[in-house]
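Asks: Can you read through this structure? Questions will come right after.
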Amino acid sequence: MPTRGSSTTRTPTSGSTRRRQLASAATMLPLALGLAGNMSTQRTPTTPQAVIEAAPSSCTLPFDAIKEHHPIDDSCFADGAAEPNTPQSAQNDAKNNFCATGSPVNIDFDVLHQLQQDAAKSGSGITFGSDGQLPKDRSVLRNLPTKAGPLSEGMVVRLVAFVMDAHYSNLGKGESVNCKQPDKDSNDIHIVLAESDKEQDECNSVTAEMSPHFRPQVWDPTNLTQRNAHLYRFTGQLFFDASHRPCSGGKGSPKRSSLWEIHPVYTLEICSDPNNNCKVDSDENWVSFAEKMGVEPSETRLWLPDEISIRSRGHASRRGFTDP
């Protein structure tokens, strides 16, 4: 494969060949996501070929069985519209990490509140509040003590909650992580989560975010909110969104009780028991949300760490890439 900047002459391709190339590029974008260390000096690609040439290794999407291709998958790197080697590019890379492994750590709202309290302590070294106050070194977000054990940004966690609201965020203006694209298919779905189905104050909520990259169509705000009498179980990466502040005096933008969130969502399940008899640490009565909505195949489970490693090595070797 020619590298970027190569002078090799490209042979014109037919329409059918070009379509196959685009399809191949679509399946390979996961190779380019969540790879902060390798991609921090790259610029935003303009073609699917550029995405492929920039991808040094691979992982399998946690929701690979139901992924759907979107235009942003061909045009936006993990660091989005940020300048290389900046706090913004580091945060964007972290947001786009689809490659976290390990058995999910079961957490609750108290854990996220505890993490926020620690972040706000004087001397923590954790800055937040705006895009200009992002941590310069995200290593301060590692090995933080909680009742669930030491937690770090980038770990896989699992949370049970009710959905208060879900909506596409940053429509019209976009955001840096998604290369400032204005449309629904290119922006996150912001999900407001509550401990109780009676909760009305979003200042008591926590957050989950669904990235636009390869987002399944069934993961839709309307689908989520129409079934909000049911408990949901969210599995994904633990992430600290330092661009914002938690609620103060009943005000926040967006309203939330903690900046620690699940972002991106890896798997989504819904409680099938009419009395919501579902626990975070038990698979009983949980069904894949996609399956519940009649989508097959579905993301019925999260790949275990050993399985991810095996699948990733095989995926990479078939395309001439090696593990980092």
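Asks: Among what's in region 143-155 and is under 21 Å from Asn96 (Cα atoms) and among the polar types (S, T, N, Q), pick the residue that is least open to solvent (accessible area, probe 1.4 Å).
Replies: Filtering region 143-155 for residues that are under 21 Å from Asn96 (Cα atoms) and among the polar types (S, T, N, Q), the one least open to solvent (accessible area, probe 1.4 Å) comes out as Ser152.
Asks: Let me ask something else. Collect the residues in region 284-317 that are at pLDDT 80 or above and either assigned to a strand (DSSP E or B) or open to solvent by 30 Å² or more (accessible area, probe 1.4 Å) (or both), keeping them in residue-number order.
Replies: Those that are at pLDDT 80 or above and either assigned to a strand (DSSP E or B) or open to solvent by 30 Å² or more (accessible area, probe 1.4 Å) (or both): Glu284, Asn285, Trp286, Val287, Ser288, Glu291, Lys292, Met293, Gly294, Val295.
Asks: Check Val140, Val111 and return the single one that is open to solvent by less than 40 Å² (accessible area, probe 1.4 Å), out of contact with any Phe, Trp or Tyr (no Cβ under 6 Å at 6 or more places or on another chain) and at pLDDT 95 or above.
Replies: Val111
Asks: Collect the residues in region 83-96 that are buried (at least 23 other Cβ atoms within 10 Å of the Cβ) and not basic (Lys, Arg), keeping them in residue-number order.
Replies: Ser89, Gln91, Asn92, Asp93, Ala94, Asn96
Asks: Among the residues of region 230-250, write down those that are in contact with a Phe, Trp or Tyr (Cβ under 8 Å, 6 or more places away or on another chain), closer than 15 Å to Val287 by Cα and open to solvent by less than 10 Å² (accessible area, probe 1.4 Å).
Replies: Result: Tyr232, Arg233, Thr235.
Asks: Output the residue which, of all residues in region 126-135 that are open to solvent by 50 Å² or more (accessible area, probe 1.4 Å) and either in a loop (DSSP other than H, G, I, E, B) or in contact (Cβ under 8 Å) with a residue 60 or more places away in the chain (or both), is nearest to Glu153 (Cα to Cα).
Replies: Per the stated criteria, the residue is Thr127.
Asks: Could you count how many residues in region 167-195 are farther than 14 Å from Pro212 by Cα, small (Gly, Ala, Ser) and open to solvent by less than 10 Å² (accessible area, probe 1.4 Å)?
Replies: Number satisfying all stated conditions: 1.
Asks: How do the pairs read when you match residues in region 66-82 that are on the phi < 0 side of the Ramachandran plot with residues anywhere that are open to solvent by 50 Å² or more (accessible area, probe 1.4 Å) and basic (Lys, Arg), using Cβ under 7 Å and keeping only pairs 6 or more apart or on different chains?
Replies: Taking only residues 6 or more apart or on different chains, the pairs are Ala81/Lys180.
Asks: Failed condition for Arg227, given (1) at pLDDT 95 or above; (2) under 26 Å from Leu134 (Cβ atoms); (3) of a type in the set (D, E, K, R); (4) open to solvent by 50 Å² or more (accessible area, probe 1.4 Å), with all others met?
Replies: Looking at each condition in turn, Arg227 falls short on (2).
Asks: Pick out the one residue from Gly172, Gly102, Gly149 that is free of Cβ contacts under 8 Å to residues at least 12 places away in the same chain and outside any strand (DSSP E or B).
Replies: Only one candidate qualifies: Gly172.
Asks: With the structure loaded, tell me whether Asp281 is modelled with pLDDT of 95 or more, out of contact with any Pro (no Cβ under 6 Å at 6 or more places or on another chain) and open to solvent by 80 Å² or more (accessible area, probe 1.4 Å) or whether it fails that test.
Replies: Answer is yes for this residue.
The values are calculated or read from the model by the stated rules, or taken from the named source; none is laboratory data. From a predicted model like this one, the values you see are computed outputs, not experimental measurements. Virtual Cβ from ideal backbone geometry, glycine too; neighbours counted across all protein chains shown. The area values use the complete protein model at the heavy-atom level, side chains included, leaving out ligands, DNA and RNA. Shrake-Rupley method; radii C 1.70, N 1.55, O 1.52, S 1.80 Å.
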